[in-house]
Amino acid sequence: MQLTVLGIGAMGLPVARRLCEAGHGVHVWNRTPAKAQRAAAFGAAVHATPAAAASGAEAVICLLDNGAAAEDVLFRQGAAAAMRRGSLFINMATTQPCEAREHAARLAGLGLQHLDAPVSGGVAGAAAGGLAIMAGGAAADFARAAPVFAALGRATHVGPHGAGQLAKLANQMIVGITIGAVAEALLLCEKGGANMARVREAISGGFADSPILQLHGQRMVQRDFTPGSPMSAQHQEMRNVLATAQEIGFDAPITTLFEQLYAQGMEHGLSDLDRSGLFVELASRNAMQ
């Protein structure tokens, strides 16, 4: 397929690389040209504008920062107008579900199809082709995107436009809340006199085990909060959940509490720590290091 990747950042670069390695013709654009130029090393064609990159593509994959950035590139910088009629726009970035529905409607008016297909798995998952891809849109468009998704990970069609972003919100809710549960549990054990590292080892393999316990729990044991994804990003994700909950009339008391906890951690100077740095906020509340 002839594919375009808009946004050659931490996620966009390995996505473009895997699509090139899968044999697709890949065209790329990035706001910072030097970042886009990195993709030329594995065969991608680099373009100066998003419109030039999108022209002629069968599918355009978006990995920009948020919904506002996608809207700007699509409708102000001309990417949508440059796309050939009938082609497919796949937004793999995280946006609000309402933004996904709005973009889908505007693109349909131009004769273009849309999938919202946010991902989980981070940069490592993108590089290894192990992303979990949550897709919202028409089933026929999901089927069309199969060759794209096959190079990137495991894709699941979860419903109509906006449903992919709802699934991503669910993912971020579970991640953010579980980080807090692991942090609080380990701190309780340490406060009570148990060895926190041994407690984590003891409960591994039981019902409380999870990737969060393994990855973020280890960070907590080591007090290593070098950011993979910063606390500020997790806080914004919790705010996105609450905005969508308000829009659809859903009461989310647990997410509300954790949004407040992440916000308080940021107020106390923890914004740039890894999201597992919520441990530091909870430790401080208990007069612990």
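Each reported figure results from applying straightforward, stated rules to the coordinates on display, with no laboratory input. Note that this is a predicted model, so its numbers are computed, not measured. Every residue, glycine among them, receives a Cβ derived from its backbone with ideal geometry; neighbour counts consider all protein chains shown.
Below are the figures for this structure:
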quantity: Highest to lowest packing among 102-108, 6-12, scored as the average C-beta count within 10 Å; calculated: 6-12, 102-108
quantity: Average projected area [Cα convex hull, the chain], square nanometres; calculated: 15.7 nm²
quantity: For region 58-73, 3J(HN,Hα) per residue [Karplus equation, 6.51 cos²θ - 1.76 cosθ + 1.60, θ = phi - 60°, Hz, x = Gly/Pro]; calculated: 6, 8, 10, 9, 9, 10, 7, 5, 6, x, 5, 5, 5, 4, 4, 5
quantity: Net lengthening on full extension, Thr226/Ala245 (0.36 nm per residue, minus Cα-Cα); calculated: 3.7 nm
quantity: Where a label projected 7 Å from the Cα of Met1 along Cα→Cβ would reach, residues of region 61-104 with amide N under 13 Å; calculated: 61-62, 87-92
quantity: Rg ratio (alpha-carbon, reference 2.2 N^0.38 Å) - region 166-285; calculated: 1.05
quantity: Inter-probe distance in nm under a simple model that places probes 7 Å from Cα toward Cβ, at Arg76 and Leu215; calculated: 3.3 nm
quantity: Acute angle (nearest 10 degrees) that the helix 97-108 long axis makes with the longest principal axis of the chain, alpha-carbon atoms; calculated: 0 degrees
quantity: Value of [θ]222 nm, deg cm²/dmol, for the chain, DSSP H segments ≥ 4, -39500 (n - 2.57) each, nearest 500; calculated: -14500 deg cm²/dmol
quantity: Separation in nanometres of the label points that stand 7 Å from Cα toward Cβ, at Glu21 and Ala34; calculated: 2.6 nm
quantity: Stretch gain in nm, segment Asn286-Lys191, where the contour uses 0.36 nm per residue and the Cα spacing is subtracted; calculated: 33.4 nm
quantity: Contour minus Cα-Cα distance for Arg84 and Phe42 (0.36 nm per residue); calculated: 12.6 nm
quantity: Point-to-point label distance, Arg198-Ala181, nm (Cα→Cβ direction, 7 Å offset); calculated: 2.5 nm
quantity: Projected-area average for region 2-160 over all orientations - Cα convex hull basis, square nanometres; calculated: 7.6 nm²
